[in-house]
């Protein structure tokens, strides 16, 4: 606010005020009042001069001096003798006080302004008391009302920067007329208006009391009553002033108060952040004034405005008055719908608040009289027949404020098999005030479901003649079937102190998800009916437990729990699933699965159901390479499953493990057809994971389905699932798990033959790679395997024009390590050595070395050949044992074309079975490709122990299979382990002719025992400057890092 604006506010026409009252003051007796009158006149003129000079501090000071002189002057005036002077001094006092307050507002000191206002009130009240004028008189109340009114009007135009409008005023509870220590904080403008209204009502009450006392004094002429002294200031000499209607004045002032409080409204949200309840209470007073003025339309409007606020804050005492007034206004406005709603709201107010105040008691009595005498009956046009009663429908939104009943709904089972009853619980508790309990009657409950054709609509109809009970159990046979619903007559009458529990059972014939869509309650009284759509809302997103009440066996029993907890995500939804037949499933499976083993899993299903069922088996097998997984068998099935884990297939005693009541899985068969399988890395196409059922041995799919015929009651269906685990790469011992899933689908022919019911059986069987196979090849010496061109053999004539063809013999060894956990039998082994180029090379497998030494044949004579296969007798292997298989074979070229190496390929296959088992399994090793030397010189060592001594014979063979002549430097290097003797010890140089073999024989005498390093024969090629390595042709010596050792 600018200085000029405040200056305009102070335009009070002081000249007119002073000139108007100066004559009256001066014409009075100057003898008694001369000093006080002149002082007051002097300070008022000084105030005016300072005001014109805009010296506000001196102006306030002079006004306060003038006010003190006037109040002292007022104390000396007897208003009975000089009422004219009394009135003028009182007016001048109020004018001076107004200017003091306004100047302090101009000086931006609202707290001091209110303090001076309080000082003015207390000073005048104390002066009136000195003149025997009661502060409780009508004239004083009238003056106080005007003082607060001009202060409210003044603060209403003060900017918020000087006087904050959003700060609540915390005033003293004591009356301002009694307590002088009033708070100095300037109140909110709306509060000042309310104080003015309060004193105005007190004035009216005082006038009524005064008129009553005057009438009583007139009727009793002998009474010695003392008349009340009244202040002549601001009293209107009007007859019957007490009968003046103040409602228009009060309504105007109340609206000003509401507007003052509304100045704090947030313009963006349009909500009162601080004074919303104050505004609501002002609307309540405005509505009361309109009601007393019989303006029921405006009265209803403002009562509804107040109701919107007080209903949120549960001010039930005020709500009682508001609802009762709204009921009366609806009656006078002839509005039955609103009257029914207000009467319903009155019915659910807490009984505790009916007897808390005199106003509540009056409302209680009025309502009782209305209900007992049916005064509202003409409004609702109620006659003897019920057909003329009004029908009122209350929606779910309005139900939040008209909650006559507390209702809860829950399905006991989240899933129910078709053909079995689905259980429902309704829990009802009355929220009606006991005063209105006899007025209301719950006539009908309607439960509507999502699929009425399957889950019938339930009608519960009140029958007062039925025995009353707080727990009612309605079974399927208790219902009466209608066209699209079922109904039952029960007693729905109950009081507000007990909860009524209703259990309902219904058999549903359609599979699917069903939900309760709505619950409709029909409540009646002798005036109207109300239909309530009860909203089905979840209590909380995190609440998964709901109470299922049980009938209490004895009223005295309190220790036992009379309820169960139902765990469900949504209590309003249940699922009807296909009924699982009563079957018993037993499964026999091995404890471990060996690679390359064909083993069965036997499944037996016993039909214990009354109906005929049809069974379908489906198998899904995959390999999980995670070897760190804990072994667990996850069997998901409805019925009991017996697992027999066999260490041997033909053992008569099997270990049984019972799984009780596994969870039922209802899935369509087509969902499993697209299931992805996890395969391990395999060696070849022949090493795939293979499965088949016993009725289809030629099938080799990882997904295999077998369909059985119909299974009658008491009969058993038995099937074997055969599985072959392939070779796994680079794994020894535990190689992961075999993930076997068996789905058993059931068709109950007479109930739901088009719907599958599944038992899902899942097993993890450890896979063991039982065999660790390794291959090695060693040279061997034979007679006449080095044909010399200068020697002729009658038995084997050689073509003189051909080049000699050397033949070399080898010993192939297969080392087999067994890692299983039970005994197995080795049936047949196929150890095959072949050459990759049959047109150039020859590779022959031999029976033994002696047979070939006795008859060295040509290409046309092969009496001892074995058709490339070596047969061995049946052997038994125990867990963690090993075995060795050998094969002698020769290599040579078929033509005269020279070759240094011959390419060969070694294959090994083994047929075996578990002990006491008839199932034969075959394990094939990977192929080993090798290149064996054919035309290189070499040194061979043959060791032999001399009988009856510890001496060793060391026989070295130097071979030259080429057409060249070699010259070697030969030296035997001794060590501390042996002493070497022999004639060949002195040889230092040796010439080796083409296609010849030279023998060097030594005798080695061991000097100690154990594994000893043999002396080394150094054979150095003088031309090519290389040392020929020494190869071992016997089994006793062992080679390690180029050195040869032997055990002595």
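The numbers here are math on the coordinates, done by the rules we state, and not lab data. Quantities reported herein were computed from a predicted structural model and do not represent experimental measurements. Cβ placement follows ideal geometry from the backbone for every residue including glycine, while neighbour counts extend to all protein chains displayed.
Data table
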| read-out | value |
| --- | --- |
| FRET efficiency estimate (nearest 0.05) - Cβ-Cβ, residue 209 to residue 308, R0 35 angstrom | 0.40 |
| Relative exposure of 956, 563, 1045, judged by other C-beta atoms within 10 Å (fewest first) | 563, 1045, 956 |
| Protection proxy ranking of 1038-1044, 918-924, 328-334 - average other beta-carbon atoms within 10 Å, highest first | 328-334, 918-924, 1038-1044 |
| Order by protection proxy (mean Cβ within 10 Å, highest first), peptides 429-441, 941-953 | 429-441, 941-953 |
| FRET efficiency, 1/(1 + (r/R0)^6) with R0 56 Å, evaluated for residue 616 and residue 263 via beta carbons | 0.10 |
| Where only alpha carbons of segment 871-929 are counted, the Rg and the Dmax (Å) | 17.3, 55 |
| Separation in nanometres of the label points that stand 7 Å from Cα toward Cβ, at residue 68 and residue 828 | 14.0 nm |
| Coordinate range along principal axes, alpha carbons of segment 936-1048, Å, largest first | 43, 28, 23 |
| Per-residue Cβ neighbour rank within 10 angstrom, fewest leading, 84, 503 | 84, 503 |
| Peptide ranges 762-775, 481-494 listed from the most packed, as the mean C-beta count within 10 angstrom indicates | 762-775, 481-494 |
